[in-house]
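Beneath this line is the structure, given in structure tokens, with notes to follow.
The values are calculated or read from the model by the stated rules, or taken from the named source; none is laboratory data. What you see is a predicted model; the values in this text were computed from it and never measured. Here the Cβ positions follow ideal geometry from the backbone for every residue, glycine too, while neighbour counts run over all protein chains shown. The protein model used for the area step is the full one, side chains on, heavy atoms only, and it has no ligands, DNA or RNA in it. Shrake-Rupley method; radii C 1.70, N 1.55, O 1.52, S 1.80 Å.
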Amino acid sequence: MRYIDPHIHMVSRTTDDYQRMAQAGCIAVTEPAFWAGFDRSSAQGFYDYYRQLTEYEPKRAAQFGIKHFTWLCINPKEADDPGFAREVIALIPDFLEKETVLGIGEIGLNKNTKNELIILEEQIALAEKYNQMVLVHTPHLEDKQKGTRIIMDAISASSIEPGRVLIDHVEEHTVSEVLDRGFWAGMTLYPDTKVTPQRAADIIEMFGTERLWMNSAGDWGCSDPLAVPKARLEMAKRGHSSETIDQVTFGNPQTFLGQSENFKLE
Amino acid sequence: MSDSEFTCPQNREEVINTYFMEHRAKLIDVAAYLDRLDRARPVGDETDFRDVAFRNAIAILTDGESQRARRILDLLSDHSTEIPQSAEGMKGALGAPLVAATEGGEA
Ligand SMILES: [Zn+2]
């Protein structure tokens, strides 16, 4: 069996995790730029982070036969100061030329503020200008539903096709609107917040397998880099066919990500 | 429900065989959590908005309607429409909207 974990923050994980993921069948990961758990003190901090994502992580992953791809942006949590955020955004175009960059992400909202929205819109414009795909982070818990709608409206106001945008961290109250508007939807398998493997299987039973994927979003917090193979087992235990399981954990990510010419598995 | 709406590959008996023990444990966890709250000294006379929302959400479990997960998540969502300028001084997400305590949780 083989699978893709299309959203995982490997910079926060150990090399052992790469090894275990490879053993569980992982052949590719995509890593969006995100918040490091603390606010960086300068734009230079992001420059170093983008170098880590585009130069160092692909090599570390390759040791275990895993292809590593990335998405670049300033995350919404550090985007509350528009002046600072613009300094960081100015660094991104040069990095878009690196061969493992798939697009702009994970952009979105955190506390659904005007400042966050301004920077979200500027990064949507950046994706438009450079013809990039977009990976979206939606807010946590009580802020998710409101934030997901604001984000979808902002993207719909641009010329970016919804089929080139994945809205991540969907749950039962946001998934149908995301799919109805033509976007792709990602389910994040987290131990306490977001969805469990059981609920991910439930959502597939309710909404089908089209334009849906699942990811571990493994990071520096409580999270599980093996969440995707565990969800595969959960689906198998419940009697889903191997075609269905492969579609949501391999075929769908491959189809969506394959819209970028930089996404090559061979 | 029509046959096409039975989208779970397992029949009901199989679902129960697979998941009953897991959810029995979670159910007792919820009961024990509420008992723990009974044993805990109150702080002031304010009800906590999260606790109000939690108890309203429990009612959804037994109202006989479907789509319980979606409706509970909806209940636990912020339905305000204003967009504040900055997140400066704001807390992170707490899992329930602040309005739940003042409006009795109807959201
Ligand atoms: Zn993430």
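For A:GLY103, the residues whose amide H sits under 5 Å from its own are A:LEU72, ignoring neighbours fewer than 5 places away on the same chain, with H placed 1.01 Å from N. Note on chain B: helix-only mean residue ellipticity at 222 nm, from DSSP H runs of 4+ residues weighted -39500 (n - 2.57) and normalised by residue number, equals -16000 deg cm²/dmol. Length gained on full extension, A:ASP94 to A:SER42, computed as 0.36 nm times the residue gap minus the Cα-Cα distance: 16.9 nm. Taken across both chains, chains A and B shield about 2400 Å² of accessible surface from a 1.4 Å probe. For each pair in A:LYS144/A:LYS194; A:LYS146/B:LYS26; A:LYS77/A:LYS144, compute the distance between the two Cα atoms and list the pairs where it is over 20 Å. As for pairs spanning more than 20 Å Cα to Cα, those are A:LYS146/B:LYS26. Normalised per residue, the accessible area of chain A is 37 Å², obtained with a 1.4 Å probe and no contribution from ligands, DNA or RNA. Give me the angle, in degrees from 0 to 90, between the Cα long axis of helix B:49-61 and the longest principal axis of the Cα atoms of chain B, rounded to the nearest 10. With rounding to tens, the tilt is 20 degrees. With a 10 Å cut-off around each Cβ of B:4-10, the average count of Cβ atoms from other chains is 4. Measuring nothing but how far apart in sequence close Cα pairs (under 8 Å, 6+ apart) lie, relative to its length, chain B scores a relative contact order of 31 percent. Per residue, the convex hull spanned by the Cα atoms of region A:103-198 measures out at 86 cubic angstrom.
Split the accessible area of region A:3-257 by element, probe 1.4 Å, and carbon with sulfur accounts for 49%.
Take the Cα of A:SER159, go 7 Å toward its beta carbon, and none of the backbone nitrogen atoms of region A:75-118 fall under 16 Å from that spot. Share of pairwise Cα-Cα distances greater than 14 Å in region B:1-69 is 75 percent (whole percent). Taking 0.36 nm per residue of sequence separation and removing the Cα-Cα distance, the A:LYS129/A:SER242 pair yields an extension gain of 36.7 nm.
If R0 is 35 Å, the Cβ-Cβ spacing of B:ILE28 and A:ASP224 corresponds to a FRET efficiency of close to 0.90. A Förster radius of 25 Å combined with the Cβ-Cβ distance from B:ILE16 to B:ARG36 puts the calculated FRET efficiency at roughly 0.30. Helical content of chain A, expressed as a calculated mean residue ellipticity at 222 nm, amounts to -11000 deg cm²/dmol (DSSP H runs of 4 or more residues, -39,500 (n - 2.57) each, divided by residue number, nearest 500).
Note on A:ASP39: accessible area is roughly 100 Å² with a 1.4 Å probe, heavy atoms of protein only. Put simply, the convex hull of the Cα atoms in the protein assembly as shown casts, on average, a shadow of 19.8 nm².
Neighbours of A:ASP80 by Cβ distance under 9 Å: Lys/Arg scored +1, Asp/Glu scored -1, total -2.
3J(HN,Hα) couplings calculated from phi for region A:165-180 with the Karplus curve 6.51 cos²θ - 1.76 cosθ + 1.60 (θ = phi - 60°) are, in sequence order, 10, 10, 9, 9, 6, 6, 9, 4, 8, 10, 4, 5, 5, 4, 5, 4 Hz; Gly and Pro show x. Taking every pair of alpha-carbon atoms in region A:1-136, give the share separated by more than 26 Å as a whole percent. In whole percent, the long-distance tail amounts to 22. Across chain A, Cα pairs under 8 Å and at least six residues apart give a relative contact order of 19 percent. Per-residue surface analysis assigns A:TYR130 an accessible area of about 90 Å², computed on protein heavy atoms at 1.4 Å probe radius.
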